[in-house]
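First up is the structure itself, then whatever we jot down about it.
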Amino acid sequence: MKLLLIEDEKALATSIQNYFQRENFVCEWAADYETAIEKINIYRYDCVLVDIMLPDGDGLNAVRELKRKFPETGIIIISAKNSLDDRIAGLNLGSDDYLTKPFHLSELNARVQAVIRRRNFQGNQQIGFGKIIIDPQEHLVTVENQEVILTRKEYDLLIYMIANKNRVLTKESIAEHLWGDDADLMDNFDFIYTHIKNLRKKLMDKGSPDYLKSIYGVGYKFSEQ
Amino acid sequence: MMKLLAQILRYQIIASLSVLFLGAILFFVSVRYLIDDEVNKELINSQVKVSWQLKHIDTLPVYILQLGDSLQLDAVRFPARTLLRERLLYNQSENKYQPYRQLVFYERVEGQWYRVTISKLLAQRQQLMDAVVVTVTFIVALLLISLLMLNNWLSKRVWRPFYKTLSALDLYQLERHEVLEFPDEETEEFNQLNQSVMQLTKRLAATYQNLKEFTENASHEIQTPLAVILSKIEGLFQDETLTESQLVTLSEVSEAANRLSRLNQALLLLTKIENRQFLAGTEPVNFLPIINRKLRDLEDLIAQRQISIKTELEPTGPIMHPALAEVLVNNLLTNAIRHNLQNGNIFITLSDGKLAVRNTGNPVNGNPAQLFERFRKESTQSASLGLGLALAKTICEVNGQMLTYEIENDWHILTVTWQ
C-alpha cells in the first residue's frame, strides 16, 4: 500500500510516517503544495492524507487536483481547523474522511484502512485476523464459522483493534474512537474495560484464542502472540 | 437621588426667593423713607405757614393746612424742643385708629407760648406698603410657577436625546459586537456625548473582537504542537524496550495531553460561537432526530448507570446552525447523564418552543445559575472539563434562545425556550 502525506509540520509527519512504516505501508511525505502536486502527477497512491492548511497553497486545491486526475485514490483531510465549512467543503470535493488535529495515530490508521478497503474492493473485502473473520458489509463476525453476536460498540472496538493489531492502544484513543466527543463523559476508563471484557468473552466462547492483552496502566493490545 | 433638573430647580428657587426677599425689604425701606421725607417736608411747610399766620393774623384760616391734616393749639407756659413723631390716633371719619405723623413746635404770640401740633394722616403710605407686599408676592408666585413649567418642558423636550442615549446604553451588549449609533441632535453637549458613546462602543467592539480572535488563533496554534506531542507519545508506546514503569509514566503524560487537547478544542468551539461564526448557515432544525440519535449513541452509558429515560417529543426545533443544535442537545443530555444518580431518571420533553431535560441528581448548593460558569465542576476528580453547560448557555445566548436551570426537589431541570 502506498500513501502520500501532505503535511507541513515535520515532527508530525515523521511520527505518521514511522507509524505507517510499521504497518508495511510506503508513506511518502510532501511538505508543501508544490511537492504534493509533483508527486501526485508522477506516482499512484492508494490513499492521500492532506493537511488543508499548507503554507504555500490551499490544501483543498490539492484535493481538487487529485480528485480530477485520480478519482479512485482515497483522500483523508487532516486539519487543525475544526471549521464546519472546511469539513463540508472537503467532503463535498470528494474526500473520504476528515480528521481534526490533534488525533490519535491509531485512529488515523483505522480510517486509512477503512478508506482503502472501501476503495479497493468496493467494501466487499473481508477482514481476517487469526480465527476471526469479519464481513464489514454485513457487520458479520465469525469465529470458526460460528457467528459472534456483538453490540455496535463491541463491533467498532473489534474493527479498531484489528486495524491497529500488534500495537499498544491507549485507553484514551479507544474511548475517543468509540464515543468521540462524549469520551470525557466517563469519569474513569472502567467502562472500556467492561466492553473489552465482554468482547473477549464472546470471542473466546466461540473458540477464538485470547488475542486481547491488557497492558498495565496503559491500555490494550490485539495480537496473535 | 434627585433628577439633575430638580437639583437645579432647587437652587434656582432658593436663590430667587432670597433675592426677591432682600429686594422686597430694600424696596419697602426706600419707599417708606421717600414717603416719610415727603410728609416731613409738608409738615415743615405747614409749620412755616402756621407760624407766619400766628404772627400776622389773629385767627387762623381753616384752609391753611392740606386736606385731612389737623391743627391743634395749646397754650403752654414754657416752650420745649420741636419734635417730629408718629402716633396712632383715633380717626372719627374712619372710626378707627390710624397712623399719623405729628410735628410739634412752640410759638409765642403776644407774650403767650403756644404748643402747635400738626397731625398728618399716613393712610397713603399704608396703601403703598400693601401694594408693595402684594406685588412682590405675586412676582414670587409667578416666578415659581414659570420655573416649574420650564423645568417640566426642559426635561421633556431638551433632555430627550439624553434619555435616548441612556436607554441605548442600558440595552448595550458587548457580546453582540454592537456599535451604538445616534442621529444628530440640536444640543451640542448631547451630540458630544453621543459621539463619545459611539467612539467608546466602537473601541469596545474592536477590542473584544481582537481578544476573541486572539483566543481563537492561540487555540489554533496550540493544536499543531499538541498533535506532535500526542503522535510522539503514541509512537513511544510501540517501543517494546520500555519498562512497565516507563509505560505507566508515559500513559499519564498521554492522559494529560489528551485532556489538554480536548480542553483546547472545547475552548476553540466556545470562542467560535462567541465570535458568531455560526450565525451564517442557520436553518430550522428538528431536535427530535438529534435527541434520538444522541440517546442511541449514549445507550451503553445510560445502561451502565441504569438510568431510565422517558421522552415526550414532538418534531420541532428553533432556527439555528445544525452543528450547534447537535452540540446543544449533546451537552444537555450528557449533563443529565453525568450528574445523574445510579438508577436515576431522565425525562425529556420537546414541544413547540420548548425543550426541557429533567434529571434526578444530588442537591446543589448555591445558585443554579452559577452552574453555567466556565470550568465549574462539582469535584476535581471528574474527567469533565466543566465547559459543557457554559457552551450550551453561549449557544443559546448567541441564537436568542433562553436557557434556564431550575431545581425542584430531586429534579434538575434545564430548559431551552425559543420563539
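The values are calculated or read from the model by the stated rules, or taken from the named source; none is laboratory data. Bear in mind the structure is a predicted one, so any value in this text is a computation, not a measurement. Please note: Cβ atoms are built from the backbone with ideal geometry, for glycine as well, and neighbour counts cover all protein chains shown.
Looking only at residues in the stretch A:139-181 that are assigned to a strand (DSSP E or B) and over 11 Å from A:LEU199 (Cβ atoms), the one that is nearest to the chain's Cα centre (by Cα) is A:LEU169. May I ask you to verify whether A:GLY123 is out of contact with any Ser or Thr (no Cβ under 7 Å at 6 or more places or on another chain), more than 12 Å from chain B (Cβ to nearest Cβ), in a loop (DSSP other than H, G, I, E, B) and at pLDDT below 85? Criteria met by A:GLY123. Here B:GLN306 meets the list (1) at positive phi; (2) of a type outside the set (Phe, Trp, Tyr); (3) under 51 Å from the mean Cα position of the chain (by Cα) almost entirely, failing just condition (3). Return yes when B:ASN331 is at pLDDT 85 or above and in contact with a strand residue (DSSP E or B) (Cβ under 6 Å, 6 or more places away or on another chain) and no when it is not. The answer is no for B:ASN331. Look at the stretch B:390-410: where a residue is under 14 Å from B:GLU274 (Cβ atoms) and a partner is of a type in the set (Val, Ile, Thr) and assigned to a helix (DSSP H, G or I), sitting 6+ places away or on another chain with Cβ atoms under 6 Å, you get B:THR394/B:ILE273; B:ILE395/B:ILE273; B:VAL398/B:ILE273. Consider B:LEU341 carefully, then state whether it is aliphatic (A, V, I, L, M), away from chain A (no Cβ under 11 Å) and outside any strand (DSSP E or B). When the stated conditions are applied, B:LEU341 passes them. For the stretch A:9-29, a residue qualifies if it is within 24 Å of B:GLU221 (Cβ to Cβ), more than 7 Å from chain B (Cβ to nearest Cβ) and not hydroxyl-bearing (Ser, Thr, Tyr), and the qualifying residues are A:LYS10, A:ALA13, A:GLN17, A:TRP29. The residues of the stretch A:32-68 that are at pLDDT 85 or above, of a type in the set (A, V, I, L, M, F, W, C) and outside any helix (DSSP H, G or I), listed by number, are A:CYS47, A:VAL48, A:LEU49, A:VAL50. Within the stretch A:69-79, if we keep just the residues that are assigned to a strand (DSSP E or B) and in contact with a Cys (Cβ under 8 Å, 6 or more places away or on another chain), the residue that is surrounded by the most Cβ atoms within 10 Å (Cβ to Cβ) turns out to be A:ILE75. Is one or more of the residues making up the stretch B:256-279 closer than 20 Å to A:HIS177 by Cβ and touching an Asp or Glu at 6+ places or on another chain (Cβ under 7 Å)? Yes, the stretch B:256-279 contains at least one residue that is closer than 20 Å to A:HIS177 by Cβ and touching an Asp or Glu at 6+ places or on another chain (Cβ under 7 Å). Kindly establish whether A:ASP85 is at pLDDT below 80, exposed (fewer than 14 other Cβ atoms within 10 Å of the Cβ) and more than 13 Å from chain B (Cβ to nearest Cβ). When the stated conditions are applied, A:ASP85 does not pass them.
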